[in-house]
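Data block below; observations after.
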Amino acid sequence: MKRFLLVLFLWCSHVNAQSEPLRFEPPLTITTAANGVFIHLDASGRRSIAVSGNVVGVVWEDNRSGKPGIYIAYYLPDKSGFTQPEKISLQSSAYEPVIMALDEQRFLAAWEEDEHVWLRVLSPSKKGDVVSIGQAPAKQISVAADNRGNTGAVWSGGPPRNEHIYYSDLKANAYTVLVSPPQLVDTSNDKDVQSYPVLAFSEPGKIVAWEDRRHGHTRIFSAFAPKGQPFQRYQPLNEFDASPNPELGKGSGAMRPVLASNNSQLAVAAWMDKRNWQSGYDVFAAVSENGGAGFGGNEQVQDMFGENVPQWHAAAALHGKDGIAAVAWDDTRNENSDVFYSLRTQGKWSDDYELTGATGPGHQSHPSIVFDGQGRLHVVWLDNAGGHISLRYARSLR
């Protein structure tokens, strides 16, 4: 009997360890759109928030100037809220910004404008020059860095319906950016349209994941480049189920990959997956324990209570010290759009948790997440209540 009680206690302790939600500080409003203004958080890789030291930077697109432009706001440690939005794009319509942290409270932002992709180093006190990557048509840029100063960018480049994924090393010196010559990530001969790439660095090298159309429907591929070497041959990330009825399509599709790394051997990929076609897209993930050189089997992220509704806008983050992965998304299981998240510890995904302040009446969606060095999860999302869109932010306790 004592042994049974001990086993039961250990099992309950394991379940509780797997099922404890994060505690969040009260959410803040970054900005609220006026009538006729629309805020978008829809970048490749879903990286709209970054933390440099004790400063948080958030980027988004809205049309407050009469056309789509890119804006940034900062949360400073000695302030009670975010700074006023600053426009950082040029004069044309601009879309899909991303941001990553540099040192000394600096950030690198990137976006699409005039059929090119652009970079800019920023801080709360200064804005660097705007730098274009190449002259060929380009879109859907994503940027990443590791903790050793390696920085890079990936994007979808080329003429319409023939876009492929390119990579460049970057070097950010103070407020300037140097860009190395672009290189194809996938050099295979059978490639077709490739889009929505995302980049991550690990101890052994760098990882790129993207949407790929070479099989006539959208799948998720990844490619790994060991340090100082070219990218190796692509690998499928999503497990594929062939359609039992060819008239309904070739099989299960997938879209919008995201990546997170702890700058060591651990990396997590997540994406939207339609293998359960009756309920729409689900959130699936795969984990690499060798820095992205290979990924394990697919893992469903959302729990059984999200089975019968589609999930959207998955984002991922990974805490380097503890190896805890987080994936956030939005779905309508409560009859309105709410933001949920799940944590992966001890090799398993937790129950789904509602994000504090991002549930209830209204339409909460499009989360973007990042861990800081102290293990706090930072989240931004869109809140559409009464026809007015607000950009909202929350931070977990340690």
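Taken as a whole, the range 108-118 holds no residue that is in a loop (DSSP other than H, G, I, E, B), of a type outside the set (D, E, K, R), at pLDDT 95 or above and over 19 Å from the mean Cα position of the chain (by Cα). Residue count for the range 203-230, restricted to those that are touching a residue at least 24 places away in the same chain (Cβ under 8 Å), over 11 Å from residue 186 (Cα atoms) and not in a strand (DSSP E or B): 8. The residue of the range 280-296 that is surrounded by the fewest Cβ atoms within 10 Å (Cβ to Cβ), among those that are within 19 Å of residue 341 (Cα to Cα) and not charged (D, E, K, R), is 280.
When residues in the range 308-333 are screened for being assigned to a loop (DSSP other than H, G, I, E, B) and either touching an Asp or Glu at 6+ places or on another chain (Cβ under 8 Å) or aromatic (Phe, Trp, Tyr) (or both), 3 of them pass.
Within the set 292, 297, the sole residue that is at positive phi, among the small types (Gly, Ala, Ser) and not in a strand (DSSP E or B) turns out to be 292. The residue that is surrounded by the fewest Cβ atoms within 10 Å (Cβ to Cβ), among those in the range 304-347 that are charged (D, E, K, R) and touching a helix residue (DSSP H, G or I) at 6+ places or on another chain (Cβ under 8 Å), is 333.
Determine whether the range 348-362 contains at least one residue that is in contact with a helix residue (DSSP H, G or I) (Cβ under 9 Å, 6 or more places away or on another chain) and assigned to a strand (DSSP E or B). Among the residues of the range 348-362, at least one is in contact with a helix residue (DSSP H, G or I) (Cβ under 9 Å, 6 or more places away or on another chain) and assigned to a strand (DSSP E or B), which makes the answer yes.
Scanning the range 163-190 for residues that are among the hydrophobic types (A, V, I, L, M, F, W, C), over 23 Å from the mean Cα position of the chain (by Cα) and at pLDDT below 95 yields a total of 1. Would you confirm whether or not the range 366-378 contains a residue that is over 17 Å from the mean Cα position of the chain (by Cα) and either surrounded by 16 or more Cβ atoms within 10 Å (Cβ to Cβ) or not in a loop (DSSP other than H, G, I, E, B) (or both)? No; the residues of the range 366-378 include none that is over 17 Å from the mean Cα position of the chain (by Cα) and either surrounded by 16 or more Cβ atoms within 10 Å (Cβ to Cβ) or not in a loop (DSSP other than H, G, I, E, B) (or both).
The values are calculated or read from the model by the stated rules, or taken from the named source; none is laboratory data. Remember, it's a predicted structure, so these values are computed and weren't measured experimentally. Cβ sites come from the backbone with ideal geometry, for glycine too, and all protein chains shown count toward neighbours.
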